[in-house]
Structure formats: C-alpha cells, structure tokens
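Only one structure is covered here, and it is reproduced in the block below.
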Amino acid sequence: MPALGYAVTASEQPLERYSFSRRAVGRDDVLIDILYCGICHTDVHAARNDFGNTVFPLMPGHEIVGRVSAIGSAVTRFKVGDAVGVGCMVDSCGTCEFCMSGLEQFCTAGNVQTYGFSRARGTNFLGGYANKIVVKENFVISIPTSLDLARAAPLLCAGITTFSPMQHWSIGEGSKVAIVGLGGLGHIALKLAVSRGADVTVLTTTPAKRDDAMAMGATDVVVWSDADALKPLATRFDSILTTLPYPFDPNLFLGLLKVDGTMINVGLIGSFTQPVNNVLLMLGRRSINSSMIGGIAETQQVINYCAERTIQADIEMIPISQVNEAMNRVVNKEVRYRFVIDMRTLV
C-alpha cells in the first residue's frame, strides 16, 4: 500500500520526503497510523553511516506510537482505534530457545530490526519516520490510556534499553547507582532507577543539567569533565549504567565500583577509547557488561510499569520538516531530553 515518510537515500545526504510501499495487511498483521516517533541517537548513527554498514534508502524510527487502523483476520489482541507502539524489533524466528523464552533480541536466526537491512530476511526495512507501518501482532505493544502518547514513544527504545538491565542485575531498593550521561537514555534511566528505590548519582559533562537531574530524583550530580571530580566517588557504587552514545574511556569509572560491582554499557555501540585496565577489575572483582533493548514481553512490562508510576520522557516535539536540524542538535547535546516527531505534520 502507498506510504510516505522521510528517508536518506545516499551517504552524507539529508533525510528527505520519500514515497514508498508498505506490504498489504496479512492475517496476523496490524496496520498502524503513526502519530509520533522518537529520534534515537542510533537513528543519527545509521542515517550518517557511522557504523559503515548502512543500506540505502534508510528510513529511521523505532520509537513508534500510533493507532490501529486495520487488523488481519487472525489478530485477537488489538482492534481498530487502539493506541499501540512499535519498538526496535518487528519479527524474529519465533522458534529458537531465545524467542521461546521471550528474548527475541537474541534470536539465533537474527531478529528483524524495525529499520535497516535484515540479513535474516534479505530485505531492507523502512522504519517509523513515516505515516503508517504494518507489523505482526506479536511485535505490537499496547499503550495504556494513562500515558501521554508522545511522551510514551521514547519508552519503546530508551525505556526498555535502561529497564532491562535494571531487571537483570536487580537494581532496586538500597542500590547505589551511577548513571553516566543525562540524555535520551540517561534521563529515563534516572527516573526508572529512582522509582525502584535506588540511590542515584548522575555523572554528566553538562553543568546546566544539574537542576534537572535533581528534580528527577538524583541524590547527587557530579560534573566529570574534570576527571579529578570523580576521585571522591571511589568504591561508592554497586552499579554504573553508562548511556553515552560515543566512545569513552571505561577506566575512568571502574574504580568507582564497590567489590563485585558492575559497569553496564547500554549506550555505546562500538569500542572504548582505551583498553580495559584489568587491574581495576581484579582489585574489586568488578565486571563490565552490556545490554541491548529487551524482549517483547519485557517491553510491554516497562510500558505498563511506567503507566502505573506516571513515568514518561521529557520531550521536545518537532514537525518532520525539522528532522535534519534535530539530528544535528542530538549530536551537539542540545535536546532536553528526547526529540519526538509529530508525524501528523507529514502531509
């Protein structure tokens, strides 16, 4: 069916208006009229071919919220008019050990990302910077009525990306946690960790964000542009969640962990700027881990969790015509704290 969006069609080009076709609605499909789509830093990386593997045309967008406009004959969980979301995945094999246990992000055949080229399918998928999308029912998330739809959109990536490691590493009541970076991921991580009863310190390079962090529930804010500022924090934390989307030196933070503490990377896709100093690990039996998104059931869990506690993203709404400017501002750390595109402006 005819669809309209914004895509980048060649390396080093801006996103532009792009006409294309979505597949017809199958028996287990849901057709969604997209209302809002968040801008993730990964969208910027992919659009600018920062990873060196972008297949063009590329239409970003995996923080999608909209309303159901049609359903397939076998769909039972949704009806026309329902508020729904789509996160980072739109399919997986469904039969491997990970899919069967709700960990579709680790599908052995390769999960199908919401946008980009899928080796598992041999197809280039176009994402949520569009007016509509067709997704299998099992990969559609229900959005509770208590959530503001625009502010809920970032929870479908930034929310699950930070919630999943908190679940896995049992970050909660009594935990002393540092969150490195107060951006799109970091501000949601802060809200989630505080809601779970953790004592949270924010480590930022932007002094102007101090008041925001404290208002969101941080007990301390440290500006670490000067590495000496981190020295008083030695051996303070059970966990450190790093949300930085660009390469950094992990050794700056390892000494801040207690014995058996864990540093969890959820922002950086790529290498650190420096090799890990194994002495810093050995001296405290510390560890470095990483986490990426979560399964579909866990994504629904974080949406419900946030709805019950009125946790939503702090956003700046933009029309689709400003998407390229917004991407530049993401890179320059000029957004507080997540851009969301009003897809109703795509006409």
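Specify, per residue and in Å³, the volume enclosed by the convex hull of the alpha carbon atoms belonging to segment 142-216.
Taking only Cα atoms, segment 142-216 has a hull volume of 101 Å³ per residue.
Starting from the Cα-Cα distance between residue 205 and residue 308, subtract it from 0.36 nm times their residue separation and give me the gain in nm to one decimal.
That pair, residue 205 and residue 308, stretches by 33.9 nm at full extension.
Return one number: the angle in degrees, 0 to 90 and rounded to the nearest 10, between the long axis of the Cα atoms of helix 184-195 and the longest principal axis of the Cα atoms of the chain.
Value to nearest ten degrees: 70.
Report the FRET efficiency, 1/(1 + (r/R0)^6), for residue 1 and residue 142, where r is their Cβ-Cβ distance and R0 is 22 Å, rounded to 0.05.
0.40
Residue 76 to residue 274: FRET efficiency via 1/(1 + (r/R0)^6), r the Cβ-Cβ distance, R0 56 Å, to the nearest 0.05?
0.60
May I ask you to compute the full-extension gain from residue 252 to residue 215, defined as 0.36 nm times their residue separation minus their alpha-carbon distance, rounded to one decimal in nm?
This chain segment gains 10.7 nm when fully extended.
Note down the relative contact order for the chain as a percent, whole number, built from C-alpha pairs under 8 angstrom at least six residues apart.
Taking the mean separation of contacting Cα pairs over the length of the chain, I get 18 percent.
Give the lysines reachable from residue 136 as a straight Cα distance under 29 Å; neighbours fewer than 8 places away on the same chain don't count.
79
If you roll a 1.4 Å probe over the chain with all protein chains in place, what percent of the accessible area is carbon or sulfur?
C and S atoms contribute 50 percent here.
Taking the Cβ of residue 212 as the center, what net charge do the other residues with Cβ under 12 Å away carry, scoring Lys and Arg +1 and Asp and Glu -1?
Combined, the nearby Lys, Arg, Asp and Glu give +2.
I need the P(r) histogram for segment 191-347: all alpha carbon pairs, bin width 5 Å from 0 out to the longest distance, whole percents.
Values per bin, smallest distances first: 2, 7, 13, 17, 20, 17, 13, 7, 3, 1, 0, 0.
Using only helices, what value at 222 nm comes out for the chain when you add -39,500 (n - 2.57) per DSSP H run of length 4 or more and divide by the total residues, to the nearest 500 deg cm²/dmol?
Helix-only estimate at 222 nm: -5500 deg cm²/dmol.
Lysines within cross-link reach of residue 176: Cα-Cα under 17 Å, excluding same-chain residues under 8 positions apart?
Qualifying lysines at Cα under 17 Å: 191, 231, 258.
Mind giving me the nanometre distance, one decimal, between the label points for residue 9 and residue 97, set 7 Å out from Cα along Cα→Cβ?
4.6 nm
Relative to the longest principal Cα axis of the chain, at what angle does helix 158-168 sit, 0 to 90 degrees, rounded to 10?
Long axis of 158-168 versus the principal axis of the chain: about 60 degrees.
At 1.4 Å probe radius, can you tell me the per residue accessible area of the chain in Å²?
Dividing the accessible area of the chain by its residue count gives 41 Å².
So for the pair residue 20, residue 282, with labels modelled 7 Å out along Cα→Cβ, what separation do we get in nm?
With each label point 7 Å from Cα toward Cβ, the separation is 5.1 nm.
Can you tell me, using C-alpha contacts under 8 Å and at least 6 residues apart, the relative contact order of segment 76-153 as a whole percent?
Once normalised by length, the contact order is 32 percent.
At a 10 angstrom cut-off on C-beta neighbours, averaged per residue, how do the peptides 44-54, 185-195, 271-281 rank from highest to lowest?
185-195, 44-54, 271-281
The values are calculated or read from the model by the stated rules, or taken from the named source; none is laboratory data. No experiment lies behind these values; they were computed from the predicted model shown. Quick reminder, even Gly has a Cβ in these numbers, built from the backbone with ideal geometry, and neighbours come from all protein chains shown. When the accessible area is computed, the model is the full protein with side chains, heavy atoms only, and any ligands, DNA or RNA have been set aside. Shrake-Rupley method; radii C 1.70, N 1.55, O 1.52, S 1.80 Å.
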